[in-house]
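Worksheet: one structure, shown below.
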Amino acid sequence: MQSSESFSAKAWQRLKKNKGAMAGLTVILLAVVTAVFAYFLGNDQTPNADRQVVEIQAQKPGFKQTFLKVLKQREVGHTGFFNHLLFGKEDPFVLVPINSYKDLGDSVSVEKFIDEGIHEQQTYPKSALPSDFITQKTFWFGTDKFGRDILSRLIVGIRVSLAVGLVTVLIALLIGVTLGAIAGYKGGRADNIIMWFINVVWSIPTLLLVFGLTLTLGKGFWQIFIAVGLTMWVTIARVVRGQVMALCQLEYVQAAKALGLRDSRIIIRHILPNVMGPVMVIAAADFASAIIIEAGLSFLGIGIQPPTPSWGLMLKENYNFIITHNPALALIPGIAIMILVLAFNLLGNGLRDALDVKG
């Protein structure tokens with residue numbers, strides 16, 4: 001036990017000296033914190049950051065707009081802290097973009113913004129307005145073609161990217177470690193059957209397999225997690241099998257067998273803890289791959305479905321702006337994907353060096 005703690009401590013010290021790995025870890029931790037408090041950080045705190053103000057569609061980063069708050073005709077209930085944290089909260093008002101306003105005492109006259117150079121004069125009774133009926137918002141990353149805040153959707157979209165990576169890695173670890181450990185420990189017929197299955201899955205291109213599973217399971221939030229997870233366990237299984245086969249030749253495993261310990265106990269208690277180093281490195285790489293695959297599937301329209309914000313879906317909705325006056329709408333989610341994937345790859349490389357994984 002002491003040697004294991006000593007190895008972990010030394011690995012952590014080596015990891016801390018790797019600037020690239022620590023930069024990646026910092027980005028990942030910031031992404032996790034941002035994902036948890038997503039609905040408290042953006043301009044748009046509505047569910048899925050889906051507040052649409054079509055009059056201000058496709059605006060450039062840094063755009064500012066003054067709004068009049070008009071109460072909805074139906075009553076909007078109170079949202080508790082945890083519901084707000086998990087799902088956001090519905091606005092009790094509608095935002096009306098305006099150029100100017102005039103307080104008339106019992107009513108408010110506004111010049112409603114419709115489009116560049118086009119406006120309309122409107123009057124609202126004070127009874128239809130909250131006490132703080134004027135607000136100004138800055139859209140730091142601009143707005144999309146539906147007039148939604150890009151930054152708010154980008155922040156909420158972090159949840160999808162991290163969730164698909166986490167669920168994918170957990171599924172891949174569960175299947176890969178289980179099959180790899182059984183194949184490596186049992187050998188013989190069990191090894192042959194499992195390796196045949198691994199080679200069959202290995203021979204199918206990953207994207208083709210994901211497409212097939214997605215079309216079979218259907219489009220949706222959880223379906224995409226399962227589809228990606230079921231395609232990324234093969235590498236883990238092959239590595240675990242090789243590591244387990246090598247460890248089974250060592251004296252302490254032979255001694256455990258001689259003492260009559262159950263196979264499950266030997267695998268779980270004595271073998272698997274010693275193979276998790278290489279598995280962690282592969283898991284970090286799989287996390288990055290899962291983010292890219294989910295973004296690609298959402299871009300093609302068979303991944304996460306609207307209005308759930310996904311970085312790949314944001315690319316699909318705004319890619320046509322690349323050749324127009326506002327390429328930032330498509331470049332921003334693309335850069336976000338690149339940064340998060342790079343962070344996981346840097347962390348994976350750092351783990352490989354820190355754990356001294358060879359081959």
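The values are calculated or read from the model by the stated rules, or taken from the named source; none is laboratory data. Because the structure is a prediction, the values reported are computed rather than measured. Cβ: placed from backbone, ideal geometry, glycine included. Neighbour counts: every protein chain shown.
Applying the criterion of at least 2 residues that are within 27 Å of PHE141 (Cα to Cα) and in contact with a Cys (Cβ under 8 Å, 6 or more places away or on another chain) to the helices (runs of 4 or more DSSP H) found wholly in segment 1-90 leaves an empty list. Would it be correct to say that PHE299 is in contact with a Lys or Arg (Cβ under 7 Å, 6 or more places away or on another chain), modelled with pLDDT under 90 and either closer than 19 Å to LEU207 by Cα or not charged (D, E, K, R) (or both)? Yes, satisfied.
With part of a helix (DSSP H, G or I), charged (D, E, K, R), over 26 Å from SER8 (Cβ atoms) and modelled with pLDDT of 85 or more as the only criterion, which of ARG238, ARG189, ARG265 stands out?
Going through ARG238, ARG189, ARG265 in turn, just one is part of a helix (DSSP H, G or I), charged (D, E, K, R), over 26 Å from SER8 (Cβ atoms) and modelled with pLDDT of 85 or more: ARG189.
Scanning segment 297-329 for residues that are surrounded by 20 or more Cβ atoms within 10 Å (Cβ to Cβ) and among the aliphatic types (A, V, I, L, M), which turns out farthest from ALA283 (Cα to Cα)? Taking the candidates together, the pick is LEU329.
Where residues in segment 298-322 are part of a loop (DSSP other than H, G, I, E, B), touching a residue at least 60 places away in the same chain (Cβ under 8 Å) and of a type outside the set (Gly, Ala, Ser), which of them is farthest from LYS145 (Cα to Cα)? Per the criteria, the residue is ILE302.
Remark: pairs (first residue in segment 275-290, at pLDDT 90 or above and surrounded by 22 or more Cβ atoms within 10 Å (Cβ to Cβ); second residue assigned to a helix (DSSP H, G or I) and of a type in the set (Lys, Arg); Cβ separation under 9 Å; 6+ apart in sequence or on different chains) = ALA284/ARG352.
Residues in segment 181-188: is at least one under 30 Å from LEU85 (Cα atoms) and among the charged types (D, E, K, R)? Within segment 181-188 (the criterion being under 30 Å from LEU85 (Cα atoms) and among the charged types (D, E, K, R)), the answer is no, since none of the residues qualifies.
On inspection, SER264 fails the criterion of being under 23 Å from the mean Cα position of the chain (by Cα) and either among the polar types (S, T, N, Q) or outside the structural domain of ASN18 (by TED's automatic domain parsing) (or both).
Within segment 193-203, can one find any residue that is of a type outside the set (A, V, I, L, M, F, W, C), in a helix (DSSP H, G or I) and modelled with pLDDT under 90?
Yes: segment 193-203 contains one or more residues that are of a type outside the set (A, V, I, L, M, F, W, C), in a helix (DSSP H, G or I) and modelled with pLDDT under 90.
Looking at this structure, is LEU41 loosely packed, with under 13 Cβ neighbours inside 10 Å and out of contact with any Leu (no Cβ under 8 Å at 6 or more places or on another chain)? No: the conditions fail for LEU41.
The residues of segment 336-359 that are more than 18 Å from ILE293 (Cα to Cα), in a helix (DSSP H, G or I) and among the aliphatic types (A, V, I, L, M), listed by number, are LEU346, LEU347, LEU351, ALA354. Here PRO333, PRO273 are screened, and the one residue that is part of a helix (DSSP H, G or I) and farther than 24 Å from ALA38 by Cβ is PRO273.
The residue list ILE302, ILE293 contains one member that is assigned by TED's automatic domain parsing to the domain that holds LEU331 and touching a Ser or Thr at 6+ places or on another chain (Cβ under 6 Å), which is ILE302. Output the residues belonging to segment 93-106 that are surrounded by 15 or more Cβ atoms within 10 Å (Cβ to Cβ) and either in a loop (DSSP other than H, G, I, E, B) or touching a Pro at 6+ places or on another chain (Cβ under 7 Å) (or both). PHE93, the sole residue that qualifies. Does VAL70 satisfy the criteria of being β-branched (Val, Ile, Thr), surrounded by fewer than 17 Cβ atoms within 10 Å (Cβ to Cβ) and either closer than 20 Å to LEU329 by Cβ or not assigned by TED's automatic domain parsing to the domain that holds VAL156 (or both)? It is false that VAL70 is β-branched (Val, Ile, Thr), surrounded by fewer than 17 Cβ atoms within 10 Å (Cβ to Cβ) and either closer than 20 Å to LEU329 by Cβ or not assigned by TED's automatic domain parsing to the domain that holds VAL156 (or both).
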